[in-house]
1. Mind listing just one residue for me: the one in segment 331-352 that is among the β-branched types (Val, Ile, Thr) and modelled with pLDDT of 90 or more and, of those, farthest from the chain's Cα centre (by Cα)?
2. From the list ALA117, ALA110, ALA168, which one is over 30 Å from ILE282 (Cα atoms), over 19 Å from the mean Cα position of the chain (by Cα) and assigned by TED's automatic domain parsing to the domain that holds ASP59?
3. With the condition kept exactly as written, say whether any residue in segment 51-66 is within 26 Å of ARG274 (Cα to Cα) and out of contact with any strand residue (DSSP E or B) (no Cβ under 8 Å at 6 or more places or on another chain).
4. Among the residues of segment 281-304, which ones are within 23 Å of ALA370 (Cα to Cα) and either charged (D, E, K, R) or loosely packed, with under 13 Cβ neighbours inside 10 Å (or both)?
5. Considering only residues that are more than 24 Å from GLY80 (Cα to Cα), outside any helix (DSSP H, G or I) and small (Gly, Ala, Ser), which ones fall in segment 175-218?
6. Filter segment 410-436 down to residues that are loosely packed, with under 12 Cβ neighbours inside 10 Å and under 19 Å from VAL339 (Cβ atoms) and give me whichever is farthest from the chain's Cα centre (by Cα).
7. Conditions: (1) farther than 19 Å from VAL124 by Cβ; (2) touching a residue at least 12 places away in the same chain (Cβ under 8 Å); (3) assigned to a loop (DSSP other than H, G, I, E, B); (4) not polar (S, T, N, Q). LYS245 meets all but one. Number of the miss?
8. Scan segment 211-240 for residues that are within 16 Å of the chain's Cα centre (by Cα), aromatic (Phe, Trp, Tyr) and closer than 22 Å to GLN123 by Cβ and jot them down.
Amino acid sequence: MDASATLTERSWKWEEKVAFRFFFLFFILYIAPWTWPSSMPFTGDLLSFFNDLHWGAADWLIQLVKKHTLHIDIKITPNGSGDTVDDWTWNGIMLFISSIGTAIWSLVDARRREYNALYTWLQVIVRYQLAMSMFTYGFIKIFPMQMPEPSISQLATPLGEFTSMRFAWLFIGSSPSYEIFSGICEVLGGLLMLSRRTTAFGAMILVGVIGHVVALNFFFDIQVKLFSTALLLMAIFLLVPHMQKLWAFFIQNQPVRLSIPVINLTKKWQRTTRIALKTLFIAVFCLISFYGNMSAYGKGGYMPLDKPTVTEGFFDVEAFEVNKKPLTLLADTIRWDNVIFEKWNGGSIKRQPADSPLMRYGREYFTYKADTAKKTFEMQYRDSTRNLTLHYKEPDSSRMLLYGKSGNDSLHILLRKKSQPFRLNEPMHWVHNSIR
């Protein structure tokens, strides 16, 4: 199997060779293509050996560096953040290994004229990593679930309570059309990565698309800075060979012909294998991802809507009695100010003090299990010792009465539904005669 690119056969400059060696080692370590088979549905668990081996070795190195070099003893559990101390440590380790490897490689292979074949294969790996990532992040935006529309609880939260990351999440989620547009751009860039002929065009799109994501991540302190930056470097890496010709085309208005990497597969089984692997990749990471996100969105997105719920809405607390003793809002921290039931099995409560460790953004969130036949629901908190089961009645469409036991105390809570004058829910206006 012979691979070559349509680069000239000139000898590479020494700085080109050094840069290639570094990025080859870094991208291979970062992408770890031997872990891809574990991402396949149905057979992923059977093929997870290399994934487990890779991340087991990575975790061993991370803990070793944290203990003996950084002198910190923090155990990180997966929590959604991509910028933990473990992530920064692992990126530092990969940079260190790539730098040492580049120095050694440069010494033992100093007389090498070029790396055209190896460069072409590295482009293939980077292209498919970008495609995989764009399909993952793109489809969950096309079916807008990554940044869901603000919930009633979030709309009722004072703006100053939110972190900058949550604020960014909400401003994107408040416009599903914008989120869908972003997803289309990401998926388009991913699709263009699947062909060598369209790679340069796709890389141009992705430099803009991912560059915007990187800017959001840094300027709004979103915890995916490292990964998004790596994806941006990959897109730039694919674009670098074409920079001179793109400059000539866009700036100097000269006609150009972009070079297309060539992979010479001389045997039939090689060509058949290539087609089979590409078809499998498209099926697994594009088609199945599309269907999975479409199916999840149809079932309610990140919050399933197939369970019994109580009446959705924002409710002011008109009366709050404990053991038949009325509590006033200013006099007692037990009393609720208002309660919100979302369209799924969850909600939040506003009460004092707002800075309780059990609260998030000034509200106390809960989930619940409802029995609409018995007119009861079990409220479940992060602190399970505070869970309670309440009965509910709805005298009319605007009121709800909750009653039950909290420990040895009896509760009677009268709620009145409030209209939701949240202007963020208003549709787009084509004509604006004044600034709103």
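The values are calculated or read from the model by the stated rules, or taken from the named source; none is laboratory data. Please read all numbers here as calculations on a predicted model, not as lab measurements. Please note: Cβ atoms are built from the backbone with ideal geometry, for glycine as well, and neighbour counts cover all protein chains shown.
1. Quick first cut of segment 331-352, residues among the β-branched types (Val, Ile, Thr) only: 333-334, 339-340, 349.
Narrowing further to those that are modelled with pLDDT of 90 or more: 339-340, 349.
Numbers: VAL339: 30, ILE340: 27, ILE349: 28 Å.
Of everything passing the filter in segment 331-352, VAL339 is farthest from the chain's Cα centre (by Cα).
2. Details: ALA117 fails: over 30 Å from ILE282 (Cα atoms); ALA168 fails: over 19 Å from the mean Cα position of the chain (by Cα).
Just a single option satisfies the conditions, and that option is ALA110.
3. yes
4. Residues satisfying the conditions are GLY298, LYS299, TYR302, PRO304.
5. The answer is SER195, and nothing else.
6. SER419
7. (3)
8. Matches in segment 211-240: PHE227 only.
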